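The structure appears right after this line, and notes come after that.
The values are calculated or read from the model by the stated rules, or taken from the named source; none is laboratory data. Predicted, not measured: the structure shown is a model, and the values here were computed from it. Glycine also receives a Cβ, built like all others from the backbone with ideal geometry; neighbour counts cover every protein chain displayed. Remember, those area values only see protein heavy atoms, side chains included, never the ligands or the DNA or RNA. Shrake-Rupley method; radii C 1.70, N 1.55, O 1.52, S 1.80 Å.
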Amino acid sequence: MHLTRRGFALAEALVAVILTTLLLVAALGSLTALQRALGRQVARTTRAQTLRAAVQLGVAELQDLAPPAGDLVALSANGLIYRAVRATGLACGRGAEGLQVRSSSFRALRTPSPGRDSVAVLVRPDAWVVVGLEADP
C-alpha cells in the first residue's frame, strides 16, 4: 500500500510544538542558572579584588614602621595604632606662637588636628623632637 498524502497530521504538529516548547523551557532554565552563577562569580571576584587592595594598602602603610623609633604605638587583636607621616614642611623659625612653617613647602594628606596629631622636628641629623600639636595650624 502506497500512501500519497502530503503534509502533517494535527497530532504530529502538536507533538512537534510540545517538544520544541520543552526544549526552549530547558534552554531558558539553563541560561537563567548560568546568569545567576555568573553574577555570583562577579561578586566573588569583586570582593577578592577589594580585599587584595585593602591588604596592599595596609602593607604599604605598615612597611615603613620602625618599632624602636616609637612608630608602633599600640597593637591588639582588634586594632593597631601607629604613627605615620601625614604632612611635611620646612620649619623656618620659632616664634611666640610656636613653630613657623613655610606655607610653600607644606604638603599634607589631611589637615593636622590638635590633640590627635603630633609634630616631629629634626633638630640634629640624628635627633628628632616629638611634640603634641596643641592648636590649629
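List of remarks:
- Of all residues in the range 110-137, those satisfying the criterion of being outside any strand (DSSP E or B) and surrounded by 10 or more Cβ atoms within 10 Å (Cβ to Cβ) are 111, 112, 113, 114, 117, 133, 134, 137.
- The number of residues in the range 93-106 being more than 17 Å from residue 134 (Cα to Cα) and open to solvent by less than 80 Å² (accessible area, probe 1.4 Å) comes to 3.
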